[in-house]
Amino acid sequence: MEKMRLLLHLALTTAIVLLSDVNGGSAGITSKFIRTEWPSIDIPLDNEAFAVPKGHNSPQQVHITQGDYDGKAVIISWVTPHEPGPSTVSYGTSADKFDFTAEGTVNNYTFYKYKSGYIHQCLVDGLEYDTKYYYKIGSGDSSREFWFQTPPKIDPDASYKFGIIGDLGQTYNSLSTLEHYMESGAQTVLFLGDLSYADRYQFIDVGVRWDSWGRFVERSAAYQPWIWSAGNHEIEYMTYMGEVVPFKSYLHRYPTPHLASKSSSPLWYAIRRASAHIIVLSSYSPFVKYTPQWEWLREELKKVDREKTPWLIVLMHVPIYNSNEAHFMEGESMRAAFESWFVRYKVDVVFAGHVHAYERSYRISNLHYNISSGDCFPVPDKSAPVYITVGDGGNQEGLAGKFRYPQPDYSAFREASYGHSTLEIKNRTHAFYHWNRNDDGKKVATDSFILHNQYW
């Protein structure tokens, strides 16, 4: 039955694949679609999208992420607004019986004259694979209950569906993206940086908009892991307010399991989940030769075992191939540092955000140019990744509608619309990829192809 379903899907998508084969050799497509623009303004704070849960000091801004290297742990985070309260997570495999408890930590921070609520973070480990867990946080009448599903065990043929979202923000377009994603059936979000866009505000409103965004994404992030990466809007280097510690708000609020992959920073790390090995890079941390991120990535790539996790996925914020006028060539320095490794280790796909549009490349590389000699243009390369920009979550800065012309040979498909993507891994050899456009409030599958594993 599964084989028949795969063949049927292949037949249905043949027309699209013929036009946009990932190995190149076909003309690229610049979509002519023009959307009816919804206002790129943040949703008012009194909107129900940011509703504060009922009850005194009730936990809010609940979200989870993977808590270890192999998917048998989660980090559960939440905020209590008025007083610390317990940092205990009660959990179990029954909705009406919590057999286990885990103790977390609580902290807070200040940003200018804003003082955060009490931020709780609790590692829940020793979980069983492929199991639904229910959990409760808070105390008394103000406690709240949620659930999550652990992934299947690490296995080359484990099927799994990831969602990909970048540059989300908290506008009505953001809400459309989030609601459409939640209908996709995906099990984990790969987030490509630029979360709240709180840095577009000033003074205490920066912290207020971090809080509203935490409540905004809770509808999804409390029930499935969001794998975080940081973007430029998380830096928050604001000298006029005396705030000069980069990533201060982000690092206090959104933990990552970086120690499990022997990373020295929460901003770059790796996890394994089902049949995928996922590497998160930081576009705004030092990455040139001999820096900690460079040294770490060199060692992490050596640890990838394609016999166990055949799918090798890299996340970053700034795309290294981008034919939009917005942020053009900003990823060039990281391309020079890491592209040869991506080709050598046959990375399957590199996802990035930053550019507020959608674009997908063919499999190409630009390894021959060395400043003094060599071809300086990207060329087809069957060992190279597919590069996909999904920076179209819906934030208040609006769309990046000016693509460069003529469309470069490496660019397979591009469109300036809001949306999200999914990557559905079927087995060790094939995965289904879809980009879904937000078409005036409706989800429309617009770009899709079958991704063939680079190793198998």
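The values are calculated or read from the model by the stated rules, or taken from the named source; none is laboratory data. As the structure is a computational prediction, the values presented were derived from the model and not from experiment. Cβ sites come from the backbone with ideal geometry, for glycine too, and all protein chains shown count toward neighbours. These accessible areas exclude ligands, DNA and RNA; they are computed on the full protein's heavy atoms, side chains included. Shrake-Rupley method; radii C 1.70, N 1.55, O 1.52, S 1.80 Å.
Just checking, how many residues over segment 286-314 are touching a helix residue (DSSP H, G or I) at 6+ places or on another chain (Cβ under 8 Å) and open to solvent by less than 10 Å² (accessible area, probe 1.4 Å)?
Number satisfying all stated conditions: 4.
Given GLN149, GLN187, which one is farther than 14 Å from GLY419 by Cβ, without any contact (Cβ under 8 Å) to a residue 60 or more places away in the chain, open to solvent by 10 Å² or more (accessible area, probe 1.4 Å) and not aliphatic (A, V, I, L, M)?
GLN187
Which pairs turn up if I take residues in segment 245-259 that are on the phi > 0 side of the Ramachandran plot and look for partners that are assigned to a helix (DSSP H, G or I) with beta carbon separation below 7 Å, at least 6 apart in sequence or on another chain?
Within 7 Å, the pairs are PHE247/GLU234.
For every residue, the table says whether it meets (1) closer than 30 Å to LEU451 by Cβ; (2) assigned to a helix (DSSP H, G or I); (3) at pLDDT below 95.
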site	(1), (2), (3)
VAL208	no, yes, no
VAL245	no, no, no
ARG298	yes, yes, no
LEU312	yes, no, no
ILE320	yes, no, no
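So in segment 202-235, with the set limited to residues that are polar (S, T, N, Q) and touching a helix residue (DSSP H, G or I) at 6+ places or on another chain (Cβ under 8 Å), which one is surrounded by the most Cβ atoms within 10 Å (Cβ to Cβ)?
Top of the filtered list is SER212.
Just a yes or no: is a residue in segment 268-283 out of contact with any strand residue (DSSP E or B) (no Cβ under 9 Å at 6 or more places or on another chain) and either touching a residue at least 12 places away in the same chain (Cβ under 8 Å) or in a loop (DSSP other than H, G, I, E, B) (or both)?
yes
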